[in-house]
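Asker: Dropping a structure here in structure tokens format, bear with me for questions.
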Amino acid sequence: MRPVAALIAIVALALLVPAGTAGAASEATVKVGDFFFAPTKKTVAAGTKVKFRWVGSQRHRVVKKRGPGGGFESPATSARGVNLVKRFDKTGVYRIICTIHPEEMRLKLTVK
Ligand SMILES: [Cu+2]
């Protein structure tokens, strides 16, 4: 009886681990408008892929200003749609701005 229970526990764990990994790889969207990010503060789980979607008509350039890991940036573009996709694996606080409108357009992204 006991070995069977142990085997069931092992099989259950093996099934749970891939499910947990898939759950961590979620997606989120940040809107890049004229002249704002929406939202301006966002919290996502580590491993989340964040899509930056241009919704206005002006030119914007999304750049990481501070935060863990290496830098990243979008092209300077007015094209509507997703112009930057970034996966955030490292926990911490990221400060992201539009370098064309650095006073108005600031995003605080928290990864935990
Ligand atoms: Cu801008």
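Asker: Of everything in the range 72-87 that's within 15 Å of residue 37 (Cβ to Cβ) and under 12 Å from the mean Cα position of the chain (by Cα), which residue is surrounded by the fewest Cβ atoms within 10 Å (Cβ to Cβ)?
Answerer: Filtering the range 72-87 for residues that are within 15 Å of residue 37 (Cβ to Cβ) and under 12 Å from the mean Cα position of the chain (by Cα), the one surrounded by the fewest Cβ atoms within 10 Å (Cβ to Cβ) comes out as 86.
Asker: For a quick check of your reading of the model, give me the residue pairs whose first member lies in the range 81-97 and is at positive phi, whose second is in a loop (DSSP other than H, G, I, E, B), with beta-carbon atoms closer than 8 Å and at least 6 apart or on different chains.
Answerer: Between residues of the range 81-97 that are at positive phi and residues that are in a loop (DSSP other than H, G, I, E, B), the close pairs are 92/67; 92/68.
Asker: If you don't mind, there's one more thing I want to ask. Looking at the range 51-61, which of the residues that are within 13 Å of the ligand (Cβ to nearest atom) and in a strand (DSSP E or B) is surrounded by the most Cβ atoms within 10 Å (Cβ to Cβ)?
Answerer: Per the criteria, the residue is 60.
Asker: For the range 33-47, what are the residues that are in contact with a Gly (Cβ under 7 Å, 6 or more places away or on another chain) and assigned to a strand (DSSP E or B)?
Answerer: Taking the range 33-47 and keeping what is in contact with a Gly (Cβ under 7 Å, 6 or more places away or on another chain), we get 33-34.
The one that is in contact with a Gly (Cβ under 7 Å, 6 or more places away or on another chain) and assigned to a strand (DSSP E or B): 33.
Asker: Every residue in the range 62-112 that is in a loop (DSSP other than H, G, I, E, B), within 16 Å of the ligand (Cβ to nearest atom), farther than 15 Å from residue 51 by Cα and not small (Gly, Ala, Ser), please.
Answerer: 99, 100, 101, 102, 103, 104, 105, listed by residue number.
Every number in this text was worked out from the coordinates using simple rules, so none of it is lab data. Everything numeric in this text was worked out from a predicted model, so none of it was measured. Note: ideal-geometry Cβ built from the backbone for every residue, glycine included; neighbour counts use all protein chains shown.
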